[in-house]
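Since the structure comes first, as structure tokens, the remarks are kept for the end.
The values are calculated or read from the model by the stated rules, or taken from the named source; none is laboratory data. This is a predicted model, so every value here is computed, not measured. Cβ placement follows ideal geometry from the backbone for every residue including glycine, while neighbour counts extend to all protein chains displayed.
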Amino acid sequence: MIFPLRKSVTAAFAAMALMAAVSAPAFASVLDLLPGRWTGYGKVRLASGAAERMKCVATYFLKNGGRLLNHNLRCASTSYRLDATADLNVRGNRLSGEWRERTYATGGTVKGNVNSRAIGATIRGADFFANMKVTATSRCRQTIKLSPQQGTEIVELSISLARGC
């Protein structure tokens with residue numbers, strides 16, 4: 001049985017994996033760290049105090065000379081599913097695009113900034129707003145956090161991802 005969260009909750013999760021602040025001092029761009037397949041676990045904390053662990057898989061595809069980033073994120077637990085995609089344009093130090101969550105048929109926009117150390121983004125949907133942070137310590141590990149500001153029962157979503165390096 002799927003945990004009864006509103007579409008905006010799922011939308012916030014979906015968007016969360018898409019962008020944020022990625023720390024990458026050893027690389028020319030944070031985009032150098034993202035392409036490929038990542039796996040790991042996440043944890044969702046709700047305002048009720050409930051928390052649940054999720055298994056996650058993320059993929060990133062950098063295209064068009066680094067000007068287009070496609071992202072997919074799938075997470076599942078016993079009571080929750082997430083199946084999100086995003087198409088993000090990078091122009092200079094600006095990031096913008098759209099995301100979709102397929103399980104609950106919802107979506108919205110992503111806007112942010114890119115520099116050599118970080119991507120910071122805000123995620124918007126029909127009835128929510130969230131800030132996101134993704135920290136990558138190397139080409140092998142990253143952590144994604146979503147901090148909803150309104151429109152969701154979620155207090156925090158955090159995901160730790162790794163890949164074989």
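Which of the residues belonging to the range 98-107 are assigned to a strand (DSSP E or B) and either farther than 21 Å from residue 126 by Cα or touching a residue at least 40 places away in the same chain (Cβ under 8 Å) (or both)? Correct list: 99, 100, 101, 106, 107.
Residues are listed down the side, and each one gets a yes or a no for (1) part of a strand (DSSP E or B); (2) crowded, with 16+ Cβ neighbours inside 10 Å; (3) of a type in the set (A, V, I, L, M, F, W, C):
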{"position": "113", "(1), (2), (3)": "yes, no, no"}
{"position": "120", "(1), (2), (3)": "yes, yes, no"}
{"position": "130", "(1), (2), (3)": "yes, yes, yes"}
{"position": "142", "(1), (2), (3)": "yes, yes, no"}
{"position": "146", "(1), (2), (3)": "yes, yes, yes"}
{"position": "159", "(1), (2), (3)": "yes, yes, yes"}
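Can you find a residue in the range 87-97 that is polar (S, T, N, Q) and under 16 Å from residue 71 (Cβ atoms)? For the range 87-97, residues polar (S, T, N, Q) and under 16 Å from residue 71 (Cβ atoms): present.
Do we find that residue 34 is closer than 16 Å to residue 135 by Cα and at pLDDT below 95 in this structure? Full working, then the answer.
Values: closer than 16 Å to residue 135 by Cα: yes; at pLDDT below 95: yes.
Yes, satisfied.
Within the range 44-54, is even one residue in contact with an Asp or Glu (Cβ under 8 Å, 6 or more places away or on another chain) and buried (at least 18 other Cβ atoms within 10 Å of the Cβ)? Within the range 44-54, one or more residues are in contact with an Asp or Glu (Cβ under 8 Å, 6 or more places away or on another chain) and buried (at least 18 other Cβ atoms within 10 Å of the Cβ). Within the range 48-75, the set of residues being within 15 Å of residue 158 (Cα to Cα) and either under 14 Å from the mean Cα position of the chain (by Cα) or in a strand (DSSP E or B) (or both) comprises 51, 52, 53, 54, 55, 56, 57, 58, 73, 74, 75.
Within the range 25-38, the residues that satisfy the criterion of being surrounded by 14 or more Cβ atoms within 10 Å (Cβ to Cβ) and assigned to a strand (DSSP E or B) are 36, 38.
Within the range 29-57, count every residue that is among the basic types (Lys, Arg) and without any contact (Cβ under 8 Å) to a residue 60 or more places away in the chain. Break it down stepwise before answering.
So in the range 29-57, the residues among the basic types (Lys, Arg) come out as 37, 43, 45, 53, 55.
Now drop any that are not without any contact (Cβ under 8 Å) to a residue 60 or more places away in the chain, which leaves 53, 55.
Residues flagged as among the basic types (Lys, Arg) and without any contact (Cβ under 8 Å) to a residue 60 or more places away in the chain within the range 29-57 amount to 2.
Can you spot a residue in the range 100-113 that is within 20 Å of residue 38 (Cα to Cα) and under 14 Å from the mean Cα position of the chain (by Cα)? Among the residues of the range 100-113, at least one is within 20 Å of residue 38 (Cα to Cα) and under 14 Å from the mean Cα position of the chain (by Cα), which makes the answer yes.
Of all residues in the range 82-94, those being crowded, with 17+ Cβ neighbours inside 10 Å and over 14 Å from the mean Cα position of the chain (by Cα) number 1.
Here are some residues: 91, 102. Which one is under 25 Å from residue 163 (Cα atoms), modelled with pLDDT of 80 or more and of a type in the set (Lys, Arg)? Before the answer, list the steps.
Values: 91 fails: under 25 Å from residue 163 (Cα atoms).
Result of the check over 91, 102: 102.
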